[in-house]
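Structure record follows, encoded as structure tokens.
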Amino acid sequence: MKKIVFFLALLPAFASCVGLEQYPTNSYTDETYWNYEDNVDAALYLAYNQCWSADLYWVNNHLSDDVYGSRHSKDNLEVATGQASAQNSRFSSEWNGCYQELRTIHTALDNLDRMKVSNQKKERYEAEWRLMRAFTYLRLITWFGDVPFFTSNPTNAQTLVATRKSAAEIRSFILDELEFAADRLPKNTALPAAERGRYTCGTAVALKARTYLLNNDWAGCIRECERLIGSKDYGTYALAADYDELFKTGHYGPESIMTVEFAYEVGVEKIVRGWSMARMLPQSIGANGVMEFSPTQELVNSFRKTNGSVAGDTDYTGRDKRFYTTIAYNGCSVEIPDAINAKVIGTQGVGKGRYTCWTDPKQAEVERQSDPALMDDYNGSQDRTATGYYTLKNFDPLTTGPGRNSYKSLMEIRYADVLLMYAESLYEQNGFLTEDQWNATVKPLRQRAGFDADYCALPASGVREAIRLERRCELALEGRRPFDLRRWALMETPSLAETGDYYLVSTATGAPFMDDGTNIVCANSYAIKYWFPIPQSERDQNNNLTQNPGW
Amino acid sequence: MKKPINHFPNRPLALLACLLTVLLWTFPASAQDGITVSGTVTDAAGEPVIGASVMVGGTTRGTVTDIDGRYSISGIKDTDVLEVSSIGFATQIVPVRGRKSIDVLLEEDTTFLDEVVVVGYSTTSRKHIVSSIASVNGEVLADRPVANVQQALQGAAANLIIQTGNFDPTNSSMNISIRGVSTMGNNTPLVVIDGVPQADAGRMNELNPSDIESINILKDAGSSAIYGARSSNGVILITTKTGKREKAPEVRFSAQAGVQNPHILFQPVPSYMNAILRNEALSNVGMDPVFTTQEIEDFQINGESVPFVRQAMKNALQQNYNLSITGGTAHTTYLISGSFFNQNSNYIGPKYGNNRYNFRTAVTTEWGRLKVGANVGYTRQDTKSPLIGGLFFADAARFPTYWFYRTMDENGIFYANNYKYGSPGAVLADLMAGGSNQYDNEYLTGTLNVDFEIIQGLKLRAVLSGESRNEHRFTDKNTYLVGTDNGSYWSDPSKAVLSGNVTTPADDWTGRSTYFNSQVLLDFNRTFARRHEVSALLGWSQESNKYYSTGIAKSYLNDLNQPSSATIIEESSHLSSEDNSKSALRSFFGRVSYSFDEKYYIELTARYDMSSKFLKIRNAGFFPAVSLGWRASDESFMKGYKAACGDLKLRASYGLNGNQQDVGLYDFMTTYGVWSNAYGFNGKPVSGLMFTMGNELLTWEKARTVNVGLDASFFKSSLNISFDWFYKRTSDILLPSIVTGMYGASIAKENRGVMDNTGWELTLDYNLVHDTDFNHRFSFNLADSRNKVVKYGTPAINANDGVTVIIMEGLPLNSYYGYKTAGYFSSYEEILHSAVPTNVDATRLAPGDVKYVDINEDGVIDEKDRTYLGYGFPRYTFGFNYTFKWKGIDFSFMLQGVLKRMNCIRGELIEPFHEDYGTTMYTHQLDYWAPDNVNARWPRLSAYGSVSTTNNWKQPGSDIYMLDGAYMRLKNIQVGYTFPKEWTRKFYCQSLRIFFDCQNPLTFTKYGFVDPETTEFGSNMSRGGANSGRNYPTLRYFGGGLNVVF
């Protein structure tokens, strides 16, 4: 009897059904994640996701004299006008974004041995991860100089005592890594259509050229450019025939070297990963909200008449073709074809049609008599242009949906940039360009821009200025301008890197739409310091981090 | 195959076990010379008293009665006395005087001190309690027209604070805490039902309130530490009813029904007046009026429509029926009960509401020293709730009552109503035709108990319990037609457009969880030498949880929710492999208590918990506590006091409790998943990795509590007073990890916060029985708690719609924070000489606009002038319960309230014409500043977008939005009549009572336009948004019922 009772009493001890060591069965752990090829792919794609973004592609332009930001781009505005402190979140978001990407990449690289994929695939993936790591370190050393450096994931404790490694050492690491990638990645011509947007050996070489250029290292830059210009060993690249098409449908053509990619899901007919021009475009073609991106009159003025002469402020006819692709100005019109979700475009919601943008308030007042819905004119409010200009570059109605959301690729590096890097490096190294060198680099860009033959030829003087102007126009609003200004300022004042002083000190203006005929003076008085500071929050936690000069 | 447990995992438990063993061995078992005395112990009803202790006075010798109430004791001398005692009975001292057979009649001791109190894994009498435990008798819950147990518990015990977000029966969110806020995480106490710990406090609402025998609330560490890692927020022990031995079957039936009346507390001003006020607001700031005199006349002539918010609500029926059968034979007891509860929603629309069905059966039987029991409960809950957003009430409340405003026409077409200004909206469309969530949930719980008495005083007890929970939801979203707004009185029904959920989706969701708990307990209870009372408990418990859910969602279904070729399966559909979890908790626990002469008490408890929520090497926690007690009134020098007043006991406890509610199941490890559309190639989406960094250092939150208490009784125990003071420090509170940016990821949680919480509680119980005809009793409780953030890091300021709260070291958790106002400007001169907000142009302000306090005196009002404005958690909470009986008549009422609380209310109930989508003013806003009303409550009227509005209303978190939230509410009032027995017996009915009752009939508060009881804060003072005061309204219930016993 007693035994039975005792047994009954102890029965519960054996009846329990869940042990004390539990692992999730609705998600993966370190042990299980890498066993699946799809998951390895996903790790690569997250690295792509964090590597570069449409946001930064656009936002970096705020740190130049090409665009005026509104108070809604407050953080960048503070940086551009010298008001920022080391607490400004532009700095910490740049810093954090880079290290987040590094964690993603190192999470993959630290687990290479665990991945159950073919060696061939693993080799290509490794090369891509290491290319993206190099790209990320290049971002870091460009903005911050010396930075903490890791080649595998640190613990938080390690980051609390990490010190800054010299930018020069990191740069040589970057170059080695890119060379590693250049040796292993496929050429652009070998990519199947489904892989359009993946990084290639050409991407690696172009990034090497950029790395040298950002360091004003002409010989290195020339060497890398020549691997792409003179040879097909690292892919086949060429200028697209039509500049305008290049920013609509040409992003996978032979000019494209590195892109940021987006996605559209067929079936549900939905943009599932996109970027938005809602705060850049004229309202007449569907923009809404606070305008954060108004091109300056200075940028407009850099687009010359096709005979090479400087145009009057509001003389918008007969200019460099690139102007019409890049900027929406008073009186310009935009054709909206029958496109996805086209019906949301336009103030009347009618979609398909031709829309004219009136930014001059006086003219808009007249035009409104016939169409009361017109509302693109400058009126000083935050949801209109601050300068009298809107942005058009990269607006492709065919790939744009509600909310001005687009899934069009954005080209971060294209062949025109390589030609211009090459031309500039040759000129700076030698002090001149030969006719052949000019004809192989700047001339085709000018020809494509529709300039008269005279203006396409090598000028007798002012070649440096010609190359720089060409960079500004050709690459306008593509995020290159802030870095070019920094480089050029450093060439003039080599002490900038040591003092961290302001390098861009000027004022932005808008179109001459004021009652008295003067230009709209935007509030931007640029005063940009050479370095980004090490974010304050980072230094608060880690006493070993020194601050950059100028902060 | 499980490994048997073959060792004690740590030292303290081993010590406990040793102590227990030693106590067993020291028991003197030698027989002595003398006679053998035997007899039967019975109670007043003639039923045997089982387990009564029969001791030889002045010795440690004794026995207990068997199941027939019989005892036999040898070695008795003539001069000996027998002391016969049992819990619930007055101790009898019987001289032997040579008798061999002594039958003893025990009289029930109903004094307060001998009331049975359920404690962790055991029971005791109140006399023995040296920690802080509040008891709520099941009677308090019975016959209350409440929807659930939590509602009934409001105000029932000191510092048991129950707050509600709203009164919506199908979407009520109550939060419950004991002694206020002591962690930045979840403050919800552990709920234990019939010895089985529950996963969340809401589970108590699945019970039938009539099935509850008692609720005991363990407040301090001394009483709660035996529940270890889950006990730091206190423990609520709920015990259900069982049958009684040797009782003929008793059938009880009760029925109650009544009407729930939604009490909307605010009223729009008449529409013509609204138009005038609107014009005044505009012209005050130099803008053009929008309403013409003709329009105003038109409004005045044509009268008013019913406010939408009133159109949306109706009176609703609530009914409740209970049937129970209890009884027992000499060895067996049984209880069978069933109930049906129905509460209709007050929303108009397709029959929203709740139904709950409960069934319970409890059986015990004894066989010698073996006792076996089973208790099975079944609950079914059906709920149908509308698919309306959280802003439904706010939206419905903000419309003026223009005579032409209407909801729907005879063709079922809804109307948008936004005459002149405001946002369009067919406000009631979603409620009436947008679809519904329908839940049908079933819960089955079962417990099996086996008790075996190994030797006298030592019992082995095994408990096996399980629970199966099946929850199912069907969501059906529909479309409806809305007329096109055309700016005139009526929106145009001829151009009605299809609105609502145009993809006509529906989805099914099914969740299933199983819970298993096994416990083995050794219980020892003896008194030695009359004065040394020893009890000890040693236990082992293992709990396991398993959960999974599945879901399927389809779109483009027809109105019968049947598919067609256009139908698609939505991405949110998931398999059980995508949503499942398992967790386990293994525990050892024990208690040793010793009292000397019922004067000096010491009690040690401890629990050792091992949880699957932590990394294996640190998955264990040890939670000890000690309690001391001293019955001062029994000291010889207090004889006078004892005679004059009664009992006086001082007690103190100190201990450590844990909290693991905020720890996720796998928070200690890094987990990986995949998210779609992370990137694209060639324009096609691809998925990306996502990882959640675990923190393998995670451990329990720990609370250390000191409790000092005093229990005193007066007037022959008619009045009992209990006072407790506590101080609690909670450390290792889970907060978001602070990591460097270069770490490159965030870690969700780490143990780093520290908080203090201190307070007191006072309870008075008065019970006066004059004679059988007349008695009355009351209980009163008053309590307070104050918390303070001790360690947090950089202050966190959280602004929702202008109402700002802050977590800052030195302040209570999530205090209201913002600008202090200093009344209204009385002159332009004053404006010129005052600091104004930096975003305000002082030259455009006028008398009647808000003046702010320039706290740092730097001449401007900016962020630096923000300060602590008050606290939203109730202080000085009280409850008062009064019952009066005279002959057949009974009368009772209950008051509950809060003496100090700030309530920050935003939106158009405060700010007239809020953001221009508030389109009406309310009657309570009419006391606004005007040259002839300079002592107004509110500033002068101003239009949205004006400098004055920015100044007066748009300074985030200014105290203009602060209301005094103190209140007292008559929660319940009941009058009953029991018919004379002589009369009812004719109908074979032992007792028949009818009653009428009323819930929430009266509320005393300073601001009548918001319900002071509702809160936007969760149990840790977090919130989803700021309180706009526009919630599902307070429900007033009027009804009655009857109780019959056969």
*Among bridges DSSP assigns within the protein assembly as shown, what percent are antiparallel (round to 5)?*
95
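Set the Förster distance to 22 Å, then compute FRET efficiency between B:Arg704 and B:Ile602 from the Cβ-Cβ distance, nearest 0.05.
The formula returns an efficiency of 0.70 here.
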*Measure nothing but the geometry: give the 0 to 90° angle between the long axis through the Cα atoms of A:37-51 and the longest principal axis through the Cα atoms of chain A, rounded to 10°.*
40
*Positive-end residue of B:Leu895, B:Phe884, B:Leu926, charge dipole of region B:871-941 with Cβ unit charges*: B:Phe884
*log10 of Debye I(q)/I(0), alpha-carbon scatterers only, for region A:169-326 at 0.08, 0.15, 0.19 Å⁻¹*: -0.36, -1.09, -1.21
*Label zone at A:Leu56, where the point sits 7 Å out along the Cα-to-Cβ direction: region A:462-490 residues whose backbone N lies under 18 Å*: A:477-487
*To the nearest 500 deg cm²/dmol, what mean residue ellipticity at 222 nm is calculated for the protein assembly as shown from DSSP H runs of n ≥ 4 alone, each contributing -39,500 (n - 2.57), summed and divided by the residues?*
-6000 deg cm²/dmol
*Residue exposure sequence - B:Ile226, B:Ile747, B:Ile797 - by fewest surrounding Cβ within 10 Å*: B:Ile797, B:Ile747, B:Ile226
*Please work out how much length the chain gains when fully extended from B:Ser125 to B:Trp983, using 0.36 nm per residue of separation minus the C-alpha to C-alpha distance, in nm with one decimal.*
305.0 nm
*Would you list, by chain and number, the lysines whose Cα falls below 21 Å from the Cα of B:Lys247, excluding same-chain residues fewer than 8 positions away?*
B:Lys371, B:Lys981
*Grab the Cα-Cα distance for B:His532 and B:Leu768, subtract it from 0.36 nm times how many residues apart they are, and report the gain in nm with one decimal.*
81.6 nm
_Largest-first principal axis extents of the Cα set of region B:408-466 (Å)_ = 86, 26, 13
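Starting with the fewest neighbours, write out A:Thr159, A:Thr151 ranked by other beta-carbon atoms found within 10 Å of each beta-carbon.
Starting with the residue having the fewest Cβ neighbours, the order is A:Thr151, A:Thr159.
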*Note, ³J(HN,Hα) from phi for region B:641-651, Karplus 6.51, -1.76, 1.60, rounded to Hz, x at Gly and Pro*: 5, 4, 5, 6, 10, x, 7, 9, 10, 10, 8
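To make sure I understand, if each residue's beta carbon is the centre and we count other beta carbons within 10 Å, what order do B:Lys582, B:Lys100 fall in, fewest to most?
Ordered from fewest to most neighbouring Cβ atoms within 10 Å, B:Lys582, B:Lys100 come out as B:Lys100, B:Lys582.
Normalised by the number of residues in region B:988-1046, what is the relative contact order in percent for Cα pairs under 8 Å and 6+ residues apart?
Over region B:988-1046, the number comes to 65 percent.
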*Just how large is the dipole of region B:323-386 about the Cα centre, in debye to the nearest 20, putting +1 at every Lys and Arg Cβ and -1 at every Asp and Glu Cβ?*
120
*Would you work out the relative contact order for chain A, in percent, from Cα pairs under 8 angstrom that are 6 or more residues apart?*
19
*Dipole of region B:548-615 (Lys/Arg Cβ +1, Asp/Glu Cβ -1, origin at the Cα centre): which of B:Ser572, B:Ala606, B:Ala584 lies farthest to the positive side?*
B:Ala606
_Could you tell me the relative contact order of chain B? Use alpha-carbon pairs under 8 Å, at least six residues apart, and round to a whole percent._
11
*Go from 0 up to the bin containing the longest alpha carbon distance in region B:204-321, width 10 Å each, and give me the % of pairs per bin.*
10, 18, 17, 15, 12, 14, 12, 3, 1
*asked:* Between A:Ser152 and A:Val268, what is 0.36 nm times their sequence separation minus the Cα-Cα distance? Round to one decimal in nm.
replied: 37.8 nm
*Would you mind classifying the protein assembly as shown by shape? Square roots of the alpha carbon gyration tensor eigenvalues, ordered a ≥ b ≥ c; an a/c under 1.5 is rounded, otherwise it is prolate if a/b is larger than b/c and oblate if not.*
prolate
_When a/c reaches 1.5 or more, the comparison of a/b and b/c decides; with that in mind, is region A:489-551 rounded, prolate or oblate per its Cα gyration tensor?_
oblate
*asked:* Taking the Kirkwood radius as the inverse of the mean 1/r across Cα pairs, report the Rg/Rh of chain B.
replied: 1.00
*B:Lys546 paired with B:Arg70, simple spin-label distance in nm, labels 7 Å along Cα-to-beta-carbon*: 4.9
*With a ≥ b ≥ c taken as the square roots of the eigenvalues of the C-alpha gyration tensor of region B:167-252, please select rounded if a/c is under 1.5 and otherwise prolate if a/b is larger than b/c or oblate if it is not?*
oblate
_Within region B:35-158, percent of DSSP bridges classed antiparallel, to nearest 5_ = 85
*Hey, if you drop one equal point scatterer on each alpha-carbon of chain A and run the Debye formula without solvent, what base-10 log of I(q)/I(0) do you get at q = 0.11, 0.13 Å⁻¹?*
-1.06, -1.46
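Throughout, read-outs are computed from the coordinates displayed, never taken from laboratory work. Keep in mind that this is a model prediction, so the values were computed, not measured. Cβ: placed from backbone, ideal geometry, glycine included. Neighbour counts: every protein chain shown.
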